[in-house]
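Q: Questions regarding the structure given below will be posed in turn.
The values are calculated or read from the model by the stated rules, or taken from the named source; none is laboratory data. These figures come from a predicted structure and were not determined experimentally. FYI the Cβ positions are ideal-geometry reconstructions off the backbone, even for glycines, and counts take in every protein chain you see.
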Amino acid sequence: MALRLFSRQQKRQSQQASGPFASNAGVQDGYEPSKLSPLSDDPLERCIQQQRYGYLFSQHHPFQSHPAIKETCAAAAKAIDTQFAIVPEGIVSLAQTTVDTPGAAESDVETDPFLMSCACVTNAQYQMFVDSDGYGDLSLWPKDIWSHLIDFKDQTGLPAPRFWRDARHDGRLASHPVVGICYYEAAAYARWAGYRLPTGAEWQMAASWRIRSAAHVMRRYPWGDALDTRRCNLWASGIGHTIPVDKYESGGAPNGVLQLIGNVWEWTESDYAVTDEEGGTVVGDMLLKEVRGGAFDTYFSSQATSHFRTGLNVLSRVHNVGFRCALDPASSANRPGGA
């Protein structure tokens, strides 16, 4: 079943209550809380400091009349060009069953061009969301889960990812992907920053690179058709913990998107809807969302491919699941201030 993929280190997870970074990044002892970064009093400049670049392209902020809006949006555009990559239109074949055997039911889905972040969201980036009281801004959260916000706490009881302390990440893990966040936390950050989560089909398109062309082929991995543990962080890679999100350039997709395979599983926007071998619908105790790509502790290589998908309940806050953001090209078409 889908949820079993996240339970093989259940014992190690229980130990994380006293040492939350033991399995995340190989930090066995000590803790170095990240420092609070000073922010500008100017709300527009503060958005740039917080890397809310997508938000600056929206029409739902109060900065349209700000004298520096044009220059600021130009800086945001440059940052997006650096941190995101275009994924061209294409087609993906989504498995409709939990079994991956020849002839198993599939559904073809066409995807439009979109922008995908070249890397997963890091602890340092998520820290800015926490510091801006993202957990207290109810406009970022669906109303029906407001009562659950009280459960989204760190090891010291403060609103933050599960394995942080005193609402601070370990500074040694600043460039590692943030983990211990549920689907709603990932979606809230994306909304706050002006982005969204990719759909499962979009994620698969980015990893398989099945673009519309004369070749019309699908890659099993972003780099090709053969597993190479020197290009990704899986169990067989022998690392045993997360690594910075900018590593393994050789394992990137053709457009430079990194770590679609390994390091951490990634939340997507899509519901996990499949059938089992008997044709029954797979359901969980609550809504399941697709997670993709495998993680540093994924043992079976068949679970770390461009097309494998599984599900995790939306409130799970586990040690090996993070996320990355997506953006529609049209989102920057009408830039404030004519930038």
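Q: Can you tell me how many residues in the stretch 224-253 are out of contact with any strand residue (DSSP E or B) (no Cβ under 8 Å at 6 or more places or on another chain), surrounded by fewer than 19 Cβ atoms within 10 Å (Cβ to Cβ) and not in a loop (DSSP other than H, G, I, E, B)?
A: The total comes to 4.
Q: Right, next: Within the set of pairs 6 or more residues apart or between chains, which connect a residue that is surrounded by fewer than 18 Cβ atoms within 10 Å (Cβ to Cβ) inside the stretch 59-87 to a residue that is part of a helix (DSSP H, G or I) and among the aromatic types (Phe, Trp, Tyr) with Cβ atoms less than 7 Å apart?
A: 61/55; 79/53
Q: Every residue in the stretch 131-175 that is surrounded by 19 or more Cβ atoms within 10 Å (Cβ to Cβ), under 30 Å from residue 255 (Cβ atoms) and over 16 Å from the mean Cα position of the chain (by Cα), please.
A: 134, 169, 173
Q: Right, another one. For the stretch 143-166, what are the residues that are of a type in the set (Val, Ile, Thr) and over 19 Å from residue 35 (Cβ atoms)?
A: Narrowing the stretch 143-166 to residues of a type in the set (Val, Ile, Thr): 145, 150, 156.
Hits for the stretch 143-166 are 145, 150.
Q: Could you list all residues from the stretch 301-339 that are modelled with pLDDT of 95 or more and more than 24 Å from residue 109 (Cα to Cα)?
A: Residues satisfying the conditions are 315, 316, 317, 318, 319, 320, 321, 322.
Q: Checking the condition within 30 Å of residue 112 (Cβ to Cβ) and among the basic types (Lys, Arg), which residue from 196, 230 passes?
A: 196
Q: Also, quick follow-up: How many residues are in a helix (DSSP H, G or I), hydrophobic (A, V, I, L, M, F, W, C) and within 11 Å of the chain's Cα centre (by Cα) if we restrict to the stretch 183-214? Let's see the steps before the verdict.
A: First pass over the stretch 183-214, keeping only residues in a helix (DSSP H, G or I): 183-193, 200-208.
Within this subset, residues satisfying the condition of being hydrophobic (A, V, I, L, M, F, W, C) are 186-188, 190, 192-193, 201, 203, 205-207.
From what is left, the residues that are within 11 Å of the chain's Cα centre (by Cα) are 186-187, 190, 203.
Summing the residues that are in a helix (DSSP H, G or I), hydrophobic (A, V, I, L, M, F, W, C) and within 11 Å of the chain's Cα centre (by Cα) in the stretch 183-214 gives 4.
Q: Moving on to the next point. With respect to residue 92, is the statement that it is at pLDDT 95 or above and crowded, with 17+ Cβ neighbours inside 10 Å true?
A: The answer is no for residue 92.
Q: When you check residue 219 against the structure, is it crowded, with 16+ Cβ neighbours inside 10 Å and either assigned to a loop (DSSP other than H, G, I, E, B) or in contact with a His (Cβ under 6 Å, 6 or more places away or on another chain) (or both), yes or no?
A: Criteria met by residue 219.
Q: Taking into account only those residues within the stretch 57-89 that are of a type in the set (Phe, Trp, Tyr) and at pLDDT below 90, which is nearest to residue 120 (Cα to Cα)?
A: Selected residue: 57.
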